[in-house]
Amino acid sequence: MPMPSAVTLTVNGAEVSVPQGATVAAAVAMAGQPCRVSVSGSPRGPLCGMGICFECRVRIDGRSHCRSCQILCEPGMDVKTDE
Amino acid sequence: MNKDCTSPFDVLVVGGGPAGMAAAMRAAECGMNVGIVDDNARLGGQIWRAAVSSDSHDKEAAKWQSLFGAASVTTLCGKRVFHQSEPGVLWAEGSDDLIALRYKNLILATGARERFLPFPGWTLPNVMGAGGLQAMVKSGLPIAGKSVVVAGTGPLLLAVAAYLRQQGAAIPIVCEQAPWSALLRFAGSLVKWPAKIAQTFRLKKEMAGTPFVANSWPVAAQGQGAIESVTISRGGSLETIPCDYLACGFHLVANIELPSLLGCEIRGGYVNVDEFQQTSLPGIFCAGEPTGIGGVEVSLVEGEIAGLAGAGAKSQAQRLFKKRAKLRNFAGALDRAFALRSELRSLASPQTLICRCEDVSYARVEEHTSWRSAKLHTRCGMGPCQGRICGPVTEFLFQWSPESVRPPIFPSRLKSLGAATAKAPEPVVVTRSSVKPRPLGMGM
Ligand SMILES: Cc1cc2nc3c(=O)[nH]c(=O)nc-3n(C[C@H](O)[C@H](O)[C@H](O)COP(=O)(O)OP(=O)(O)OC[C@H]3O[C@@H](n4cnc5c(N)ncnc54)[C@H](O)[C@@H]3O)c2cc1C
Ligand code: FES
């Protein structure tokens, strides 16, 4: 990746450093986490990568249902994958 | 320059991919007051998004970026259009704001998405779209040293495999479901499109050493918590390949939800347009993938024509008709070469989920005779993706036709819906300084 490493945020409380310009979905994957648990209890991660499928939704700074593939990481963001 | 969205744009463009950027730029060059709105935090669409935001070696992207930059266009990123309250007023939602966008002429350049097909294990984490995984890697997902099986159908597979290899991934195999006969016919017809053939040769060189197999498709993915291996059908026998990711897409589906909502005539899954790219509704134009899946070159020229026609520069638009006609043939050739084979209809088991939002299985959906009935009784297609993934699936599996589109075309906050559907909307005034590209959050 040509992007310089710059942004530190937390995913389920653990710190993750990602390159500037990385999406929250990339940060969640780097933290080794699925994004959400489906209504019947199976783990899910990004499918479309373009904001259509909603499989990548997470909670960011308390706000639910954020599509992590469409949102860029910001320093100090608090990401939770407990939805 | 201060612009507020309470006064109408002469030309408003929805979608900031190649088609939308070309349309906005040409309309602005004609002296129009032009706005462009995109759901994503960055312009560029599926193919140029990363290139537009970073130093890129993509010459074509760089050229269009500088042309676009030189034109005066009000850019609204991270805003997704979800509703039209009355003719001439669209509503878009951002992470924490809501805007009414007024227009005199409208250009819809909403692009396409990948088609996904269900097979056992397709819901496991790290089973992604081919373009989906590419987008994730472009936006920061480390892929070096990972093993990625690429499968499905369409020209995107090779492009994605080549890109992932450049980024350091190992690609054990690329599985294309189309038969060799169809691919050879397609390759033969490529001579008619010089740029395309150069592209294919370049890919071939980049792909040297990676087996590309036709007549091959995924039948199941296995893994605990995430994919660990994929079983493919290859020349009639099954083979299981260990992998970290499966990048799997079955060509593209046009995003016609917004054109349908506005009442534009749809034919065979695409928006019907006249020679000026005008839809069945006067003053509403459509360009790029929603009028037919043809790739970036035809999207660009359609965008230019729509932009010029939307600005009233008809004779300038006419000069581009010949170029478009040639490129459009390519779209037809693509559809024929990558037609889906019937074996793909029998991949799902009774337990395989069809609707990933609501976890509705094949067995439950199969009991119904229409999309409408399945929706009402099983909640298939009622989740946040609003059937964008499972709609095309049921269309292929059961030949169900989609229902008419109702607002909002994306899940929206209740507050936004209330404001957008109120009789006398009170739009938020947006000034130039507040419309910088910003990441998009979603609340419901
Ligand atoms: C996932 C994917 C990956 C691809 N990768 C490649 C590739 O590597 N190489 C290649 O040659 N071709 C690729 N393609 C094909 C590519 O889409 C086309 O060649 C080209 O980008 C089409 O341009 P477009 O402007 O018509 O659409 P797009 O580029 O799809 O642009 C449409 C834009 O509209 C926006 N939009 C849609 N609906 C709304 C709404 N309601 N509100 C606000 N904004 C909205 C979207 O966010 C998007 O940015 C890919 C396609 C997909 C789906
Ligand atoms: S991965 Fe599909 S919406 Fe984010």
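The values are calculated or read from the model by the stated rules, or taken from the named source; none is laboratory data. The structure presented is a predicted model; accordingly, all values stated were derived computationally and were not measured. For neighbour counting, all protein chains shown are included, and Cβ atoms are generated from backbone atoms with ideal geometry for every residue, glycine included.
Below are the figures for this structure:
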{"item": "Number of positions in region B:361-390 that are touching a helix residue (DSSP H, G or I) at 6+ places or on another chain (Cβ under 7 Å) and surrounded by 18 or more Cβ atoms within 10 Å (Cβ to Cβ)", "result": "8"}
{"item": "Any hit, region B:61-71, residues being surrounded by fewer than 24 Cβ atoms within 10 Å (Cβ to Cβ), out of contact with any Pro (no Cβ under 7 Å at 6 or more places or on another chain), in the same structural domain as B:D10 (by TED's automatic domain parsing) and under 24 Å from B:A419 (Cα atoms)", "result": "no"}
{"item": "Some residue of region A:2-9 being within 16 Å of ligand 2 (Cβ to nearest atom) and either touching a helix residue (DSSP H, G or I) at 6+ places or on another chain (Cβ under 9 Å) or aliphatic (A, V, I, L, M) (or both)", "result": "no"}
{"item": "Of residues in region A:12-45 being farther than 17 Å from B:S139 by Cα and outside any loop (DSSP other than H, G, I, E, B), the one farthest from ligand 2 (Cβ to nearest atom)", "result": "A:E15"}
{"item": "Test: residue in region B:171-194 that is touching a residue at least 60 places away in the same chain (Cβ under 8 Å), within 16 Å of ligand 2 (Cβ to nearest atom) and surrounded by fewer than 19 Cβ atoms within 10 Å (Cβ to Cβ)", "result": "no"}
{"item": "Hey, B:R165 away from chain A (no Cβ under 11 Å) and either in contact (Cβ under 8 Å) with a residue 12 or more places away in the chain or within 16 Å of ligand 2 (Cβ to nearest atom) (or both) or not", "result": "yes"}
{"item": "Pair list, Cβ < 8 Å and 6+ apart or interchain, from region A:65-80 residues that are under 20 Å from B:L43 (Cβ atoms) to residues that are among the acidic types (D, E) and within 16 Å of ligand 1 (Cβ to nearest atom)", "result": "A:Q70/B:D39"}
{"item": "Strands (runs of 3 or more DSSP E) fully within region B:218-295 counting 1 or more residues that are within 12 Å of ligand 1 (Cβ to nearest atom) and β-branched (V, I, T)", "result": "B:252-254"}
{"item": "Unique residue being basic (K, R) and either under 24 Å from B:H251 (Cα atoms) or part of a loop (DSSP other than H, G, I, E, B) (or both) when the list is B:K375, B:K326", "result": "B:K326"}
{"item": "Some residue of region B:71-87 being part of a helix (DSSP H, G or I) and away from ligand 2 (no atom under 16 Å from the Cβ)", "result": "no"}
{"item": "Residue among B:A144, B:A159, B:A92, B:A151 that alone is without any contact (Cβ under 8 Å) to a residue 60 or more places away in the chain, in contact with a Phe, Trp or Tyr (Cβ under 9 Å, 6 or more places away or on another chain) and either surrounded by 24 or more Cβ atoms within 10 Å (Cβ to Cβ) or not hydroxyl-bearing (S, T, Y) (or both)", "result": "B:A92"}
{"item": "Some residue of region B:308-325 being under 19 Å from B:A187 (Cα atoms) and touching a helix residue (DSSP H, G or I) at 6+ places or on another chain (Cβ under 6 Å)", "result": "no"}
{"item": "A:M50 vs. criteria at pLDDT below 95 and crowded, with 23+ Cβ neighbours inside 10 Å", "result": "yes"}
{"item": "Criterion: closer than 17 Å to B:V213 by Cα and part of a helix (DSSP H, G or I) - qualifying residue of B:L157, B:L133, B:L164", "result": "B:L157"}
{"item": "Test: residue in region B:345-353 that is over 23 Å from B:E257 (Cβ atoms), crowded, with 21+ Cβ neighbours inside 10 Å and touching a residue at least 12 places away in the same chain (Cβ under 8 Å)", "result": "yes"}
{"item": "Subset of region B:131-161 that is under 30 Å from B:S260 (Cα atoms) and touching a Cys at 6+ places or on another chain (Cβ under 6 Å) - its residue that is nearest to the other protein chains (Cβ to nearest Cβ)", "result": "B:G132"}
{"item": "Count of residues meeting criterion [within 16 Å of ligand 1 (Cβ to nearest atom) and either farther than 27 Å from B:G16 by Cβ or in a loop (DSSP other than H, G, I, E, B) (or both)] in region A:46-73", "result": "12"}
{"item": "Selection status of A:A25, among the aliphatic types (A, V, I, L, M), at the interface with chain B (Cβ under 10 Å from one of its Cβ atoms) and either within 12 Å of the chain's Cα centre (by Cα) or under 23 Å from B:G225 (Cβ atoms) (or both)", "result": "yes"}
{"item": "B:T394 vs. criteria crowded, with 17+ Cβ neighbours inside 10 Å and away from chain A (no Cβ under 13 Å)", "result": "yes"}
{"item": "Selection from region A:40-56 of residues that are more than 7 Å from chain B (Cβ to nearest Cβ) and within 13 Å of the chain's Cα centre (by Cα)", "result": "A:C56"}
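Here's the yes/no breakdown for (1) surrounded by fewer than 21 Cβ atoms within 10 Å (Cβ to Cβ); (2) assigned by TED's automatic domain parsing to the domain that holds B:N105; (3) touching a residue at least 12 places away in the same chain (Cβ under 8 Å); (4) away from ligand 2 (no atom under 16 Å from the Cβ):
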| site | (1), (2), (3), (4) |
| --- | --- |
| B:S237 | yes, no, no, yes |
| B:T240 | yes, no, yes, yes |
| B:L258 | no, yes, yes, yes |
| B:C264 | no, yes, yes, yes |
| B:Q277 | no, yes, yes, yes |
| B:G283 | yes, yes, yes, yes |
| B:E302 | no, yes, yes, yes |
| B:G307 | no, yes, yes, yes |
